[in-house]
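The structure appears below as structure tokens.
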Amino acid sequence: MKIANIVGARPQFIKYFPVSEAIKNFNNTSEMVVQDILIHTGQHYDYSMSKIFFDEFGIQEPHYHLGVGSGSHGSQTGQILQKVEDVLLKERPDVVVVYGDTNSTLGGALAASKLHTPYSHSACRGWS
């Protein structure tokens, strides 16, 4: 099974951490392997807003860093949609997981939906 996790902002890095740990634990105790593809949109891009969370939590380096950066909501979301779609077409995950309520969430969910890839949303208070 291949899961694409899409993150891009501080709260998403924090929400992704226990998911990544659960996948590691599952892979260490199961014959089946879950491939965890991490996609960082680059919505939060400087060290204090991004890299520090990877360093402090020991989160794997993203497989893809899309480098979206700043911009208006529409511009940023559109770039995320386009770039995530390219990655999803290449990786063909079984499921996509998006987190929270940011432009990265919307762009990632739209890309998955338009490609008819099942997706899950990890909301602020749990799975929805």
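The values are calculated or read from the model by the stated rules, or taken from the named source; none is laboratory data. In this text the structure is predicted, and so the values were computed from the model without any measurement. Here the Cβ is made from the backbone with ideal geometry for all residues, glycine too, and neighbour counts use every protein chain on show. Note: areas computed on protein heavy atoms with side chains; ligands, DNA, RNA excluded. Shrake-Rupley method; radii C 1.70, N 1.55, O 1.52, S 1.80 Å.
Structural remarks
- Each DSSP beta bridge with both residues in the chain is either parallel or antiparallel, and the antiparallel ones are about 10%.
- Å² per residue, accessible surface of the stretch 1-111 at 1.4 Å: 49
- Per-residue SASA remark: PHE53, around 40 Å² accessible (1.4 Å probe; ligands, DNA and RNA not included).
- Fraction of alpha-carbon pairs over 23 Å apart in the chain - percent: 25
- Among the trypsin sites (Lys or Arg not before Pro) within the stretch 60-125, those in coil by DSSP and having at most 10 neighbouring Cβ atoms inside 10 Å are ARG125.
- Candidate lysines for bridging to LYS90, where Cα separation is under 19 Å - those fewer than 8 sequence places away on the same chain excluded: LYS2, LYS114
- Computed over Cα pairs, the Kirkwood radius of the stretch 80-120 leads via Stokes-Einstein (1.306 mPa s, 10 °C) to a diffusion coefficient of 162 µm² per second.
- Of all accessible heavy-atom area on the chain, the percent that carbon and sulfur account for (1.4 Å): 55
- Candidates PRO93, PRO62, PRO18: whichever shows maximal mean-square fluctuation once the chain is modelled as a Gaussian network with Cα springs under 10 Å: PRO18
- Between THR29 and ASP101, the modelled labels are 3.4 nm apart [label points 7 Å from Cα along Cα→Cβ].
- Relative contact order [Cα under 8 Å, 6+ residues apart], the stretch 48-127, whole percent: 25
- Share of alpha-carbon pairs per 5 Å distance bin for the stretch 33-97, given as whole %: 3, 16, 25, 23, 19, 12, 2, 0
- The chain: most fluctuating residue of THR77, THR105, THR29 per GNM, C-alpha cutoff 10 Å: THR29
- Comparing mean-square fluctuations of LEU66, LEU115, LEU38 from a GNM of the chain with C-alpha springs under 10 Å, the top value falls on LEU115.
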